[in-house]
Each structure stands twice: as C-alpha cells, then as structure tokens.
Amino acid sequence: MLPTHDRTATVALRGSTVHFDADPFVFGDDALRYESDSLIILEGGKIRAVGSYASLRDQIPSEAIRHYPNSLILPGFIDTHVHYPQTQMIGAYGAQLIDWLNEYTFVSEQQFADPDHASAVSRLFLNECLRVGTTTAMVYCTVHPESVDAFFEAAHDFDMRMIAGKVLMDRNAPAELRDTAQGGYDDSRVLMDKWHGKNRLLYAVTPRFAPTSTPEQLEAASALWKLRPDAYMQTHLSENLAELDWVAQLFPERKDYFDVYEHYGLAGPRAVFGHSIHLSEREWQRLAETDSSIAHCPTSNGFLGSGLFNFQRAKQAVAPASPVRTGMATDVGAGTSLSMLQTMGQAYKIGQLGGYSLSAAKALYLATKGAAHALHLEDKIGSIEAGMEADLVVLDLKSTPLIDFRMKYCNDIHEALFIQMTLADDRATQAVYVNGRQAYAGQAQDANVHAMS
Ligand code: GUN
Ligand code: ZN
C-alpha cells in the first residue's frame with residue numbers, strides 16, 4: 001500500500017542525492033553533484049527546499065520525513081521518444097526497420113482505433129514507466145484520435161508530465177492507418193486545443209517520418225505547429241540506411257533527409273528527431289543552427305541493427321562545430337526496455353562500438369537534466385532544486401544479490417552509477433514521486449520502512 005497524502009501536505013525525503021549543476025559534456029563529470037545526506041522538502045507538487053539534512057531538519061516535523069538509507073534519490077527519468085501502442089509488440093523478432101514496421105508495428109497499431117484497448121494499454125504503459133522510475137516521456141500515439149484521448153486521459157489521472165501526439169500518416173501505410181493531410185490537420189488541431197497545457201500535459205505534432213507523409217501533409221504539420229509555437233514536433237530522422245535511400249527517392253529535390261523536414265518548416269526549438277544516426281556534417285550543423293533536438297535510442301538501434309549514434313558529434317562543443325540538444329530515449333517497441341538504467345547501459349555499448357566511452361555521469365545527464373534540456377523543460381523537471389516540479393525516483397543500490405555483492409567493491413558515486421546502469425533494472429526502483437506524491441513503491445519499500453523504525 002502506498003502512503004496516502006494530499007499534495008498540499010508537506011513531505012520530505014532524506015537520503016543521498018545526485019543531480020547536475022551543468023552539462024558534463026561541457027564541464028566534465030564533476031558537474032555531477034552528489035550529496036550523501038540530503039533533505040528534499042516537497043510541498044504543493046514542487047520541491048520547496050533542498051539541502052543537507054543537518055541544515056534543513058528543523059524546518060519539518062520528523063514524522064513527515066521519509067528516510068531512504070542505502071538508496072540514491074535522483075530526478076525522475078525522462079524518456080524523450082517512445083511509442084506507447086508498441087508496448088504490446090516489444091521484442092518482435094527479425095529484420096530491420098521497414099520490414100519490422102510492416103510486419104509487426106502497423107498490424108498492432110490498428111487495434112488502437114478501439115478506445116477501450118487504447119485506454120487499457122495507456123494505463124499499463126504509464127504503470128510500467130513508474131516501475132522503472134520514468135516520470136516524463138515524449139510519446140507517439142497512433143493515427144487514431146481515440147488513441148491520443150485515451151493516453152492523455154490516463155496521463156492526466158496519473159498526474160504525470162507527458163508530451164504526446166497523434167501520428168500523421170497519409171501514404172505508405174495500410175489504409176486502416178492512413179489519414180489525409182486535411183483530416184490529420186483537423187483532428188490534431190482539436191486534440192492540441194484540448195490537451196496542450198492542460199495540467200501537466202503538452203502536445204506534439206507527430207508526422208511519423210518523411211516516407212509516410214506526402215508533401216501536403218508535411219506542410220499541414222508545419223501549419224499546425226505554427227498555431228502553437230510552444231507545442232512540440234516529433235518525428236524520426238536518419239535511422240536506417242534503406243530508409244535514407246527511400247527518402248532520397250521520395251524527395252529527390254531535397255539536399256538530404258534533414259532538409260526534407262527543414263524545407264517543410266519542421267525544424268527548430270521543440271522539434272525532437274528520433275535516432276539521427278546516419279547524418280552528414282551539413283545535417284549536424286543544421287540541427288544545431290535550428291536549435292532542434294535529438295532523441296538517442298540505443299536499445300532500439302541495437303535491436304533493429306540500425307547503426308551507431310555519434311555521441312562525439314552530437315555533444316561537440318568545440319567551434320566551429322556546435323552541440324545539439326540530446327536526450328536519452330527507449331523507443332519501445334523497437335527499444336527492448338522501458339528502463340532508463342538499461343537504456344543508459346546500452347548507450348555505453350553503442351558508444352564503445354563507435355570508439356567513445358560514455359561515462360556514467362554523461363549517460364545519467366542524458367536521461368535527466370539533458371533530456372529536460374532537449375525538451376526545453378529544464379526549468380521544470382530533470383534536477384533536484386528548489387522550485388522544480390517534485391518528480392523523483394529513489395533507487396535501491398542493492399536490488400539483486402549480484403549488485404549487492406558488486407557494490408561492496410565500489411569506491412565512488414561514478415562507479416556506483418556505472419554499476420547500476422550496467423546491472424540494474426526495474427527491481428532497483430524503490431519509490432517514485434510524481435508531482436510531490438508517492439506514485440509507486442517497489443520491492444524494497446518494506447525493508448526501508450522497517451529500517452526507518
Ligand atoms: N520510423 C518510423 N516509424 C517508426 C517506429 O515506429 N519505430 C522506429 N524505431 N522507427 C520508426
Ligand atoms: Zn520511434
């Protein structure tokens with residue numbers, strides 16, 4: 001049973017904390033802030049104060065303090081690219097992107113015309129997010145408006161900060177999954193008016209990817225986004241080599257894949273491009289110059305054999321190259337886990353294959369404050385500071401016998417985080433706080449409560 005309290009009540013979490021003052025890709029891994037005994041005071045859904053336990057303990061009655069010894073409190077994880085309707089076909093065997101889409105994805109997504117199915121999967125998906133400590137995600141629904149209403153209704157009930165949108169597809173997909181340029185625009189407009197800015201919810205204009213939209217639909221998507229410049233745009237970019245050839249055939253007049261989106265007005269702040277693997281230097285520059293963002297999807301890229309993300313170039317801060325806002329993402333169902341710890345572990349392996357050893361601090365940054373930066377939400381989520389929304393995850397650092405054993409030989413916080421991202425999964429989630437309220441309690445909860453008494 002979760003402890004119940006209303007959001008206006010004051011609660012405080014005591015334990016070790018980690019978050020970032022700055023971007024470790026620019027300032028080095030010392031940008032990671034570790035405090036061994038912090039107190040985080042939550043009030044009205046926000047972090048009211050954070051500091052050492054010794055300095056803040058007098059501000060709050062001791063019965064309102066929840067102590068998490070042997071744990072680590074982090075900002076809630078942020079998944080910058082995921083398809084909730086694909087939760088039911090995660091781990092579908094075989095082939096690369098285009099065949100995988102045709103054989104499995106487009107078959108499953110047809111079921112989301114049914115609002116009851118969409119609602120059930122939305123709630124299952126959000127529960128799974130909580131189980132792995134993810135408190136915000138940027139989500140693809142399906143082409144059906146019902147799938148979007150179902151998702152936002154569920155996210156509203158869960159009180160989570162979520163970004164989502166109706167997929168736009170008017171060609172190269174089964175008839176059951178196609179809209180039209182005008183119909184997709186009209187439906188998206190209604191959904192955006194209904195949900196964007198409601199409570200913690202935000203809307204993303206969502207053309208699936210260039211091959212499944214006509215030029216007319218890409219123009220309509222841009223017109224839609226212009227109606228609400230503070231809304232988002234999400235799509236896929238340069239994931240797979242056969243996809244690149246297809247885009248070149250469909251848009252022969254464009255310089256490259258990114259130029260297709262830029263030409264139709266779909267680049268800029270709050271545009272989030274999933275994958276972005278096989279990019280030319282010209283495309284990297286235009287991503288940076290337009291202040292667009294990238295969602296890196298390492299488990300998906302391994303699963304579909306798509307390729308190796310270029311961390312060096314994405315986060316390159318040395319002139320004349322400029323960095324691109326980048327967040328970590330699962331891309332379930334091509335991604336093989338909703339766990340951001342597992343995703344960080346796979347990002348390390350992708351980096352290794354490309355000659356880059358991603359540190360634990362940098363991986364964690366991409367899943368927290370860096371992801372918030374990629375989503376232009378760093379003033380609200382992604383770090384543990386006064387005034388931020390109180391979305392937090394408490395990780396049990398000894399969640400399996402092997403991890404418990406391994407942690408005995410661990411010397412510092414960087415090593416501890418690296419062990420967690422290499423070995424841990426949903427079993428490490430001890431508690432999750434969403435908008436100041438406890439939304440999930442994991443296996444270790446009882447032991448913790450016991451430890452408090
Ligand atoms: N490209 C277009 N649609 C998709 C999708 O659903 N998943 C992935 N991984 N790539 C895509
Ligand atoms: Zn995707």
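Coordinate-derived values only; no laboratory data. If you're wondering where the values come from, they're calculated on a predicted model, not measured in any experiment. Every residue, glycine as well, gets a Cβ built from its backbone with ideal geometry; the counts of neighbours run over all protein chains shown.
Overview of values
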{"item": "Residue in region 252-270 that is within 14 Å of ligand 1 (Cβ to nearest atom), under 30 Å from V432 (Cβ atoms) and in contact with a helix residue (DSSP H, G or I) (Cβ under 7 Å, 6 or more places away or on another chain) present", "result": "no"}
{"item": "Per-region count, region 360-380, residues of a type outside the set (K, R), part of a loop (DSSP other than H, G, I, E, B) and surrounded by fewer than 24 Cβ atoms within 10 Å (Cβ to Cβ)", "result": "4"}
{"item": "Among the residues listed as A164, A231, A204, the single one being within 16 Å of ligand 2 (Cβ to nearest atom), within 30 Å of K46 (Cα to Cα) and touching a Lys or Arg at 6+ places or on another chain (Cβ under 9 Å)", "result": "A204"}
{"item": "Evaluation of T214 against (1) polar (S, T, N, Q); (2) within 16 Å of ligand 2 (Cβ to nearest atom); (3) more than 21 Å from Q86 (Cβ to Cβ) (one fails), failing number", "result": "(2)"}
{"item": "Wholly within region 270-358, helices (runs of 4 or more DSSP H) carrying at least 1 residues that are of a type outside the set (G, A, S) and within 16 Å of ligand 2 (Cβ to nearest atom)", "result": "298-303, 340-353"}
{"item": "Some residue of region 201-209 being under 18 Å from H376 (Cβ atoms), of a type in the set (G, A, S) and touching a residue at least 24 places away in the same chain (Cβ under 8 Å)", "result": "yes"}
{"item": "Which numbered condition A334 fails, given (1) surrounded by fewer than 24 Cβ atoms within 10 Å (Cβ to Cβ); (2) of a type in the set (G, A, S); (3) over 19 Å from T136 (Cβ atoms)", "result": "(1)"}
{"item": "Residue identified as buried (at least 24 other Cβ atoms within 10 Å of the Cβ) and either free of Cβ contacts under 8 Å to residues at least 40 places away in the same chain or within 16 Å of ligand 1 (Cβ to nearest atom) (or both) among G302, G327", "result": "G327"}
{"item": "Matching option when the condition is touching a residue at least 60 places away in the same chain (Cβ under 8 Å) and either surrounded by 15 or more Cβ atoms within 10 Å (Cβ to Cβ) or within 16 Å of ligand 1 (Cβ to nearest atom) (or both), among E219, E239", "result": "E239"}
